[in-house]
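**Student:** Below you will find the structure I want to go over with you.
The values are calculated or read from the model by the stated rules, or taken from the named source; none is laboratory data. The structure presented is a predicted model; accordingly, all values stated were derived computationally and were not measured. In this analysis, Cβ positions are derived from the backbone assuming ideal geometry, glycine residues included, and neighbour counts consider all displayed protein chains.
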Amino acid sequence: MKEPLFSPVLEAYLEAHTSPEPELLAALNRETHSKVLSPRMLSGHTQGRFLSMVSHMIRPRHILEIGTYTGYAAICLAEGLQEGGTLHTIEINPERQSIVEKFISKAHMTACIKLHIGDALEIIPTLNISFDLVFIDADKKNNLTYYEMLLPKLSSGSFILIDNVLWSGKVLTEVKKNDGKTQHMMAFNQRIQEDERVENILLPLRDGLMVLRKK
């Protein structure tokens, strides 16, 4: 999660007209800001309620999240799981494991959220599961690699969400030659737009959220 594109006034208005942030997630939000580096990577109130809403609409049996951070989005997404469903979430930084597990336990979701610590490129091939919903919010340079790894394994009608695709608005301006990260993001967005295997919509939610449905 990078700097929001919108003014603080608009962000506050959006939150004021979104269902309240659950108390547990508000506590996780506070603890992340007080104890973890780069707290803006947290999905936060508005985006978290959106993820929960999408999950409730889809009612997935299996969800995959790439990039757990402190577990906020995982808990939001798991709210819409079918009974007996599972969410697999992958986090590369082992230092975040304790806070993730603590709040998953507090949310009474230890039975449905499975945390994997390690490199997603190595872990994904070991998950022999057909996911109904995927949320990609990890190292942006590998967005296309994750996408191409997962799409052939997904059934028609499955959804993929990709975060930070507006990249603090840098995709809207002339890109500097040495700005490889923005170049990667622009190339990824264009690849999605040209991919006839999916339907897609780019939403200006926080730092940009791409929503895909496999045809």
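**Student:** Identify, please: which residue in region 192-212 is part of a loop (DSSP other than H, G, I, E, B) and surrounded by 14 or more Cβ atoms within 10 Å (Cβ to Cβ) and is, among those, farthest from the chain's Cα centre (by Cα)?
**Tutor:** D195
**Student:** Would you pick out the residues in region 33-57 that are assigned to a helix (DSSP H, G or I) and either touching a residue at least 40 places away in the same chain (Cβ under 8 Å) or hydrophobic (A, V, I, L, M, F, W, C) (or both)?
**Tutor:** Of everything in region 33-57, those that are assigned to a helix (DSSP H, G or I) and either touching a residue at least 40 places away in the same chain (Cβ under 8 Å) or hydrophobic (A, V, I, L, M, F, W, C) (or both) turn out to be K35, M41, G44, T46, Q47, F50, L51, M53, V54, S55, M57.
Conditions tested, residue by residue: (1) under 15 Å from the mean Cα position of the chain (by Cα); (2) within 22 Å of I123 (Cβ to Cβ).
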residue: T46; (1), (2): yes, no
residue: H56; (1), (2): no, no
residue: I75; (1), (2): yes, yes
residue: R96; (1), (2): no, yes
residue: M109; (1), (2): no, yes
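**Student:** Is it the case that some residue within region 10-32 is part of a helix (DSSP H, G or I), in contact with a Lys or Arg (Cβ under 7 Å, 6 or more places away or on another chain), of a type in the set (A, V, I, L, M) and surrounded by fewer than 17 Cβ atoms within 10 Å (Cβ to Cβ)?
**Tutor:** yes
**Student:** Would it be correct to say that V54 is over 16 Å from D207 (Cβ atoms) and at pLDDT below 95?
**Tutor:** Answer is no for this residue.
**Student:** Suppose we filter region 118-176 for residues that are in a strand (DSSP E or B) and touching a residue at least 60 places away in the same chain (Cβ under 8 Å); how many remain?
**Tutor:** So the answer is 7.
**Student:** Select from region 58-69 the residues that are more than 12 Å from the chain's Cα centre (by Cα) and assigned to a loop (DSSP other than H, G, I, E, B) and write down the one among them that is nearest to L133 (Cα to Cα).
**Tutor:** In this case the residue turns out to be P60.
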